[in-house]
Amino acid sequence: MRRDALLAALAYLALTLALTWPLARGLTRDVPSDFGDPLLNAWILAWDADHLVRAVTGHLSALSGYWHANIYYTHPYALAYSEHLTAQAVQILPVYAATRNPLLCYNLLFLSTFAFSGLGMFLFARELTGDRAASFIAGLAYAFAPYRFGSIPHLQVLSSAWMPFVLFGFRRFFVTGRAAPLAGAAAAWLAQNLSCSYYLIFFSPIVALYLAWELSTRGKWRDVQTLARVSFAVAAVAAATAPFVLPYLKLRRLGFLPRSLAETDHFSADVYAYFTADANLRLWGGVMRAWPKAEGWLFPGLTIAALAAIAIAVAWRDARPKAPATDSGGRATQAVGIALVIATIVAMALLFGWSLHLSFVKVTSFDRAALVVVILSLALLALSADARRTAREIVGSPVAILTALTCFAVAMSFGPHIHARGRLIEETKLYGLFYDYVPGFDGLRVPARFGMIVALGLAALSAFGIVAVRRSRHGRVLSALAGAAVVVESLAIPLPLNGNDTNYKQPDLVALPPFVATGDGVPRVYRMVAQLPPSAVVLELPFGEVAFEARYVFYSASHWRPLVNGYSGGAPAEYGLLAEALKDLHRDPDRAWRALASSEATHVIVHERSYADGRGAEIAEWLRRHGAAELANVDGDRMFALVEPTRRSSSAPASGHSF
């Protein structure tokens, strides 16, 4: 197992480098996708790692300011405005301590999410099937699932590698009864919780359902020792996760609002999202475009879906009784079975936005059709002994729980309501119950990110599909072709790098450089900022434009002075008001000055070359008229010291949204 795991890991790493090319040749300077969220996450990693390095080297007081990041001054808990990425920061700690290069650390983590995901799924599938080849292909299916290439800008979404390790550890525990796998499962679960808040909320029900299935199929609910050990592991994970949840709860008390249902709906998956691929995929990107929308590219890959379907079909066939029982239902059983098939087809048609209009019947409600399917299923089980035997057999198969978890994730990805091509199909939805009654769900705005858990389930099912394929006459050849097809369907090379958005909301701004720098290449003005007293507070102009703010935040890792600017998953309301005031600087300079003075900034940087038509020089002159003293002019970046502003007695409460 160890040798196989090592060889598999090396193969996944080699494929990762190939499928993300040309990132590997620019690890210290390039950014996957664009200069937006990747820069934010690189800054978060640098902030975390810097504090952890200082704590490890004996300065434990550094941890006291961990959550109070240097952006959005003076508002507290700024790190919690987005993902905290603590688990990832621990992973890159030695590299950051040696290089202080946020881009290198970010890129190494980015690549590791692919290779590590493959290894975790390989181990889990190997435990389930015992088949090395099938497990390797399952690892391919998870490591290079098409959904991952649609999530390239979001390191936190890509950081799903711990999920299969969690399931692997729990499975090994139930098979062997040993404590080590249980501890490993708990550690992996904690790492997953601290890697992505979405998966903390979304994956926890998956673990609960999986544990319930293991306990039920093994008859362990009355085994006090097993229940105690599992309960202790779950409690330990919850206790270790809690300190990383508290800052987000504190933001709620400071005025951060839940995500509205309207916003959650906007970022939910349409039914046709599963027939929509990311445009960067070479094979399917221009073909599978059923309903393109934000966060709406959940196409799982044709090969992966086919293998999962084969696994389900074979499991059902194997679960059927070899010698049919004598059913008392007779023709009634047959009639119910036929009605169940018809009702299922009608329900699926309604789910995709179709409806049934006949002269004698009209069916338009998916909810009612689904209820009919449930009633007919229960009737069939009541009438048929064969159906009951088949159900008992298949429920005990790992294919059953993997199918159930995948279907659950698909249903949750639709969000509070079901839409097909943008049209409302069903008013109430499973996700709505979690939104209303399970803490945390109302703070997340993208239910479509359940797509990664769908990929997890399909990848594990694909291992059983390959096992079935390998039993056929040409099984080895077909399985090798399937593995190759999984990789081909995920091709997105060359990977898009260094995307530079110039779609500004403010006028008179010019394009930013098509690169960012680290180390000695950082703009010289930031090296001067690093020499300012720790109490200095910096505000940079232009202010409030996303493309600029992301770079200010990233470059603040070179000086760590408090920054009035910010870019994150949320923002305090005062930041938006300040942005509006400074945007009207030319039209209402007095209002802009009052807003600037109230920001508590002690220094202002004017990036003159970011403005067109001499606007930057006009802003510099405006600052001089109000008594600002120019300290430096380097490469078109002017730094001013302001007259000491009047300090507010306390920080105003933040308001906005987290995550």
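The values are calculated or read from the model by the stated rules, or taken from the named source; none is laboratory data. Predicted model only: the values in this text are computed from it and were never measured. All Cβ positions, glycine included, derive from the backbone under ideal geometry; neighbour counts span all protein chains shown. All accessible areas refer to the heavy atoms of the entire protein, side chains included, with ligands and DNA or RNA removed. Shrake-Rupley method; radii C 1.70, N 1.55, O 1.52, S 1.80 Å.
Listed values, structure above:
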{"read-out": "Top positive-direction residue, dipole computed over the chain with Cβ charges, set Pro76, Ile418, Ala212", "value": "Ala212"}
{"read-out": "Folded to 0 to 90 degrees: helix 398-413 orientation relative to the chain principal axis, Cα", "value": "40"}
{"read-out": "Ranked by how many other beta carbons lie within 10 Å on average, peptides 597-604, 161-168, 60-67 from highest", "value": "161-168, 597-604, 60-67"}
{"read-out": "Mean projection area, nm², convex hull over Cα of the stretch 138-247", "value": "7.6"}
{"read-out": "Per residue value of the accessible surface for the stretch 416-522 (all protein chains in place, 1.4 Å probe), Å²", "value": "47"}
{"read-out": "Surface per residue (accessible, 1.4 Å probe) for the stretch 563-646, Å²", "value": "44"}
{"read-out": "Linear extension gain, Ser377 paired with Val634, 0.36 nm per residue minus alpha-carbon span", "value": "85.1 nm"}
{"read-out": "Trypsin sites (Lys or Arg not before Pro) within the stretch 421-480: DSSP coil, no more than 13 neighbouring Cβ in 10 Å", "value": "Arg421, Arg471, Arg473"}
{"read-out": "Residue-averaged 222 nm ellipticity for the chain, from DSSP H runs of 4+ at -39500 (n - 2.57), nearest 500", "value": "-17500 deg cm²/dmol"}
{"read-out": "Helix axis angle, 451-470 relative to the chain longest principal axis, alpha carbon, degrees", "value": "40"}
{"read-out": "Net length gained if the chain between Leu17 and Asp508 were fully extended (0.36 nm per residue, minus Cα distance)", "value": "172.7 nm"}
{"read-out": "Amide proton proximity set for Ile425, modelled H, under 5 Å, gap of 5+", "value": "Ile418, His419, Ala420"}
{"read-out": "Reciprocal mean inverse distance between Cα atoms of the stretch 57-174 - Kirkwood radius, Å", "value": "16.5"}
{"read-out": "Fraction of accessible area attributable to carbon and sulfur, the stretch 299-418 (%, probe 1.4 Å)", "value": "70"}
{"read-out": "13 Å Cα-Cα reach of Lys322 towards aspartates and glutamates, excluding residues that sit fewer than 8 places from it in its own chain", "value": "Asp386, Glu393"}
{"read-out": "The stretch 153-197 - percent of accessible surface contributed by carbon and sulfur, probe 1.4 Å", "value": "69"}
{"read-out": "Karplus-derived HN-Hα couplings along the stretch 371-386 (A = 6.51, B = -1.76, C = 1.60, θ = phi - 60°), whole Hz, x at Gly and Pro", "value": "5, 4, 4, 5, 4, 5, 4, 5, 5, 5, 5, 5, 8, 10, 5, 4"}
{"read-out": "Projected area, mean over directions - the stretch 276-408, Cα convex hull, nm²", "value": "10.8"}
{"read-out": "23 Å Cα-Cα reach of Lys429 towards lysines, excluding residues that sit fewer than 8 places from it in its own chain", "value": "Lys293, Lys362"}
{"read-out": "Under Karplus coefficients 6.51, -1.76 and 1.60, residue-wise ³J(HN,Hα) of the stretch 183-191 in Hz, glycine/proline x", "value": "5, x, 4, 5, 5, 5, 5, 4, 4"}
{"read-out": "Accessible area (Å², per residue) of the stretch 11-64, counting only protein heavy atoms and a probe of 1.4 Å", "value": "38"}
{"read-out": "Sparsely packed chymotrypsin sites (Phe, Trp or Tyr not before Pro) within the stretch 219-275, loop by DSSP, other Cβ within 10 Å at most 16", "value": "Trp221"}
{"read-out": "Over the stretch 215-321, equivalent-ellipsoid semi-axes from the Cα gyration tensor in Å", "value": "35, 32, 12"}
{"read-out": "Amide H partners (placed H, <5 Å) of Val634, local residues excluded", "value": "Met639"}
{"read-out": "Calculated from backbone phi, Karplus (6.51, -1.76, 1.60) coupling profile of the stretch 571-587 in Hz, x at Gly/Pro", "value": "8, x, 4, 4, 5, x, 5, 5, 4, 5, 5, 6, 5, 9, 4, 6, 7"}
{"read-out": "At 1.002 mPa s and 20 °C, Stokes D of the stretch 497-643 from Kirkwood alpha-carbon radius, µm² per second", "value": "138"}
